[in-house]
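Read the structure below first, then the notes.
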Amino acid sequence: MVYLNRIYTRTGDDGTTGLGDGTRVPKTHPRIGAYGGLDELNSVIGLTLLAELPAPIPDQLRYIQNDLFDLGADLCIPETETPPEHPPLRATAAQTERLEHWIDAANERLQPLTSFVLPGGSPSATHLHHARTVCRRVEIEVLKLAEYEAINPQVIMYLNRLSDLLFVLARVCNDHGARDVLWVPGKHRHDPAKP
């Protein structure tokens with residue numbers, strides 16, 4: 001159980017913050033950037049939930065918001081060679097498999113793609129594309145952390161699949177792809193300058 005009865009502690013005034021195992025690191029540490037990015041992604045998904053979304057997307061996004069806190073809890077406690085006294089919360093393959101199931105179910109009804117999709121179409125699709133791009137950036141931040149420290153590989157797999165799901169859900173919100181805005185390579189290269 002988490003108890004938050006005091007919001008400010010002044011312990012971070014020196015530019016450090018505490019990890020879940022009690023160690024302190026600089027706030028610029030890649031681990032902080034990685035799970036801070038998860039918090040940003042969660043906030044973007046929260047904004048997306050304010051848009052008009054067809055069922056079951058709102059329920060799926062709420063699942064994802066909870067999963068993202070699980071991933072943050074995973075990243076805030078570094079991996080150790082010796083098992084800790086209290087096993088930390090770790091992301092699981094089942095969470096990623098759930099995303100794959102949702103991708104497959106949504107993708108069955110989508111129109112085939114003939115080009116890359118530009119963010120746009122409906123407001124809900126645009127919000128989902130925004131969440132997708134934040135997810136890709138957070139995945140890169142986690143991969144950067146993994147270059148220096150051991151992390152649970154399930155975190156990377158989850159984020160990789162999540163960005164795919166957000167892309168597919170954006171297409172669902174664009175009338176299953178009918179309202180997708182497609183990239184036309186070089187479309188405006190020779191247009192005259194316009195005011």
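For the reader, a short list of remarks on this structure follows.
- Only one entry of Arg6, Arg31, Arg62, Arg98 meets the criterion of being out of contact with any helix residue (DSSP H, G or I) (no Cβ under 6 Å at 6 or more places or on another chain) and at pLDDT below 85, and that entry is Arg6.
- Selection count where residues are among the hydrophobic types (A, V, I, L, M, F, W, C) and outside any loop (DSSP other than H, G, I, E, B), scope the range 86-127: 10
- Answer residue from the range 139-163, given it is in contact with a Leu (Cβ under 7 Å, 6 or more places away or on another chain) and among the aliphatic types (A, V, I, L, M) and is modelled with the lowest pLDDT among those: Ile151
- Of residues in the range 81-95 being among the small types (Gly, Ala, Ser) and in contact with a helix residue (DSSP H, G or I) (Cβ under 8 Å, 6 or more places away or on another chain), the one surrounded by the fewest Cβ atoms within 10 Å (Cβ to Cβ): Ala93
- Some residue of the range 91-114 being of a type in the set (S, T, N, Q) and touching a Lys or Arg at 6+ places or on another chain (Cβ under 7 Å): yes
- Residue selected from the range 153-195 under the condition of a type in the set (Lys, Arg) and assigned to a loop (DSSP other than H, G, I, E, B), by the criterion farthest from the chain's Cα centre (by Cα): Lys194
- Filtering the range 71-119 to residues that are under 20 Å from the mean Cα position of the chain (by Cα) and among the charged types (D, E, K, R) leaves Asp74, Arg90, Glu97, Arg98, Glu100, Asp104.
- Pairs with Cβ under 7 Å, 6+ apart, first in the range 25-47 and part of a helix (DSSP H, G or I), second modelled with pLDDT under 80 and among the polar types (S, T, N, Q): Ile32/Thr17
- Scanning the range 99-135 for residues that are among the charged types (D, E, K, R) and crowded, with 18+ Cβ neighbours inside 10 Å yields a total of 1.
- Test: residue in the range 172-192 that is under 30 Å from Leu75 (Cβ atoms) and in contact (Cβ under 8 Å) with a residue 60 or more places away in the chain: yes
- When residues of the range 66-80 are limited to those that are free of Cβ contacts under 8 Å to residues at least 60 places away in the same chain and either surrounded by fewer than 15 Cβ atoms within 10 Å (Cβ to Cβ) or touching a Cys at 6+ places or on another chain (Cβ under 8 Å) (or both), the one farthest from Gly36 (Cα to Cα): Thr80
- Within the range 48-65, considering residues that are assigned to a helix (DSSP H, G or I) and free of Cβ contacts under 8 Å to residues at least 60 places away in the same chain, the one nearest to Phe167 (Cα to Cα): Leu61
- Candidates are the residues of the range 129-162 that are in contact (Cβ under 8 Å) with a residue 60 or more places away in the chain and of a type in the set (Ser, Thr, Tyr); the one that is nearest to Leu38 (Cα to Cα) is Tyr158.
- Pro83 meets the stated requirement of being part of a loop (DSSP other than H, G, I, E, B) and without any contact (Cβ under 8 Å) to a residue 24 or more places away in the chain.
The values are calculated or read from the model by the stated rules, or taken from the named source; none is laboratory data. Keep in mind the model is a prediction, meaning the values are calculated, not measured. Positions of Cβ are backbone-derived with ideal geometry, glycine not excepted, and every protein chain shown enters the neighbour counts.
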